[in-house]
Amino acid sequence: MSVATACANIALVKYWGKRDALHNIPAAGSLSLTLDRLRTWTEVTRVEGAPSDTLTIDGHPVAGHALERIRRFADLVRREVGDSGAISVKSQNTFPTAAGLASSASAFAALAVAVADVFGLKMTESELSILARRGSGSAARSIFGGYVRMQAGVAEDGADAYASPLEDIDFPLVAAICVARAEAKKIGSTDGMKHTRATSPYYDAWIRQVDLDLEAVEAALRSQDFERLAELVEGNCLAMHANAMAARPGIVYFRSSTLWAIERVRTLRAEGTPVFFTIDAGPHVVAFTPPEHLNAVAQRLTGHLDVAEVLTSSVGDGAHLADAMPEIS
Ligand code: DP6
């Protein structure tokens, strides 16, 4: 049995588009901050003689597409080591999955570490990042803690498409996550990217912009230029959404609470609080701010009818093995 844990991450420069869907290789790089509030614990056990893999998430047995995704992921490791043994996967999240918060990043990063371990496959961190990427692109970044940069690489098989930690950045930021009320089915990232790439007239411009934003965001982090960082991160987020909205038919992840929170963040900044927002493929707004402003920011993001709760998070560490699953209430 192997247990691993990993945190989710939120991208400051977004991944939205693949150059190869089969190997799950991104079309451009991305840059993120790992968050400790959004954590997955995963226990993987070999089940000798079992006919197939099984999956439990937060205590509920899961079948269908999610199980198939796990099976195909485990096959990558099974093929590598020449072992066809079935596994049982138990996964627990420390955040409300029903709310549709990003969970594939922490899930596949933890799974990569646990599955490699259970089959005795020794991997470097770059190799683990590549493996996690095959499960979900954003998971490649969750192998590492803190600020992380993902490179798209040029190799056809994705051998150079992995993430690395950004060393020597002294820019402490924490996050308030404005969780919108759970909604009915939305378009997931994988399908959303595919549809955007196929039909959005802005797609090529978006990919070109990401390369510029990556360099500029890394430079703003290194020079501790908050205003510049705020402008770049919000710009990159809105460009990603504009690109998705311009697809035919357009994909709109925003809800009324999303626009409300954007407005609040910008008002706070205009009043002098250093804070900026970003938004993934859903309605939740994540506000980044230095630690001393976190409580005030979280408070200002509370109060909309469609905001279920505001979670606060500090910086998370990289994916790693653990002794046992914790008790999560
Ligand atoms: C908007 O990593 O979920 O959160 O590789 O298809 O699993 P797949 O996509 P996924 O996409 C994340 C999209 C995003 C931006 C980001 O995290 O960079």
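The values are calculated or read from the model by the stated rules, or taken from the named source; none is laboratory data. As the structure is a prediction and not an experimental result, all values here were calculated from the model. Because the Cβ atoms are built from the backbone with ideal geometry, glycine has one as well, and the counts that use them run over all protein chains shown.
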Count of the range 1-21 residues which are away from the ligand (no atom under 16 Å from the Cβ) and in a strand (DSSP E or B): 4
Subset of the range 181-218 [within 15 Å of the ligand (Cβ to nearest atom), of a type in the set (Gly, Ala, Ser) and under 20 Å from the mean Cα position of the chain (by Cα)]: GLY188, SER189, GLY192
Any residue that is closer than 24 Å to SER2 by Cβ and in contact (Cβ under 8 Å) with a residue 12 or more places away in the chain - is there at least one of those in the range 190-205? no
Among the candidates ALA175, ALA155, residue that is outside any loop (DSSP other than H, G, I, E, B) and farther than 21 Å from LEU321 by Cα: ALA175
Test for ALA205: is it of a type in the set (Gly, Ala, Ser) and crowded, with 19+ Cβ neighbours inside 10 Å: no
Single residue of the range 264-303 satisfying the filter (among the hydroxyl-bearing types (Ser, Thr, Tyr) and closer than 30 Å to GLY137 by Cβ) that is nearest to the ligand (Cβ to nearest atom): THR278
For ALA261, are the conditions met, namely being outside any helix (DSSP H, G or I) and either crowded, with 21+ Cβ neighbours inside 10 Å or away from the ligand (no atom under 16 Å from the Cβ) (or both)? no
Heads up, the strands (runs of 3 or more DSSP E) in the range 22-108 (entirely inside) with at least 2 residues that are more than 30 Å from GLU215 (Cβ to Cβ) and within 18 Å of the chain's Cα centre (by Cα) are 30-46, 87-93
Is there any pair with a first residue in the range 56-83 that is closer than 16 Å to VAL44 by Cα and a second that is surrounded by 14 or more Cβ atoms within 10 Å (Cβ to Cβ) and of a type in the set (Asp, Glu) whose Cβ atoms are under 8 Å apart and which are 6 or more apart or on different chains, and what are they? LEU67/ASP53; ILE70/ASP53; ARG71/ASP53; ALA74/ASP53
Mind checking which residues of the range 28-77 are in contact with a strand residue (DSSP E or B) (Cβ under 6 Å, 6 or more places away or on another chain) and hydroxyl-bearing (Ser, Thr, Tyr)? SER30, SER32, THR34, THR40, THR42, THR45, THR54, THR56
Is it true that some residue in the range 47-65 is closer than 26 Å to SER164 by Cα and either in contact with an Asp or Glu (Cβ under 6 Å, 6 or more places away or on another chain) or within 16 Å of the ligand (Cβ to nearest atom) (or both)? no
Could you list, in sequence order, the residues of the range 28-38 that are surrounded by fewer than 24 Cβ atoms within 10 Å (Cβ to Cβ) and either among the hydroxyl-bearing types (Ser, Thr, Tyr) or away from the ligand (no atom under 11 Å from the Cβ) (or both)? ASP36, ARG37
Subset of the range 94-114 that is within 16 Å of the ligand (Cβ to nearest atom), modelled with pLDDT of 95 or more and not hydroxyl-bearing (Ser, Thr, Tyr) - its residue that is farthest from VAL44 (Cα to Cα): ALA105
Given the conditions (1) more than 23 Å from ILE251 (Cα to Cα); (2) surrounded by fewer than 19 Cβ atoms within 10 Å (Cβ to Cβ), which single one is not true for ALA6? (2)
So which residues in the range 264-301 are surrounded by 15 or more Cβ atoms within 10 Å (Cβ to Cβ) and part of a helix (DSSP H, G or I)? ARG264, VAL265, ARG266, LEU268, ARG269, HIS293, LEU294, VAL297, ALA298, ARG300
Inspect the range 18-26 for any residue being touching a residue at least 40 places away in the same chain (Cβ under 8 Å), closer than 19 Å to GLY85 by Cα, surrounded by fewer than 19 Cβ atoms within 10 Å (Cβ to Cβ) and touching a Lys or Arg at 6+ places or on another chain (Cβ under 9 Å) and give the result as yes or no. no
Please indicate, with yes or no, whether at least one residue in the range 154-161 is under 30 Å from GLN224 (Cα atoms) and either crowded, with 20+ Cβ neighbours inside 10 Å or in contact (Cβ under 8 Å) with a residue 12 or more places away in the chain (or both). yes
Within the range 115-150, restricting attention to residues that are part of a loop (DSSP other than H, G, I, E, B) and closer than 14 Å to VAL44 by Cβ, which residue is farthest from the ligand (Cβ to nearest atom)? GLY120
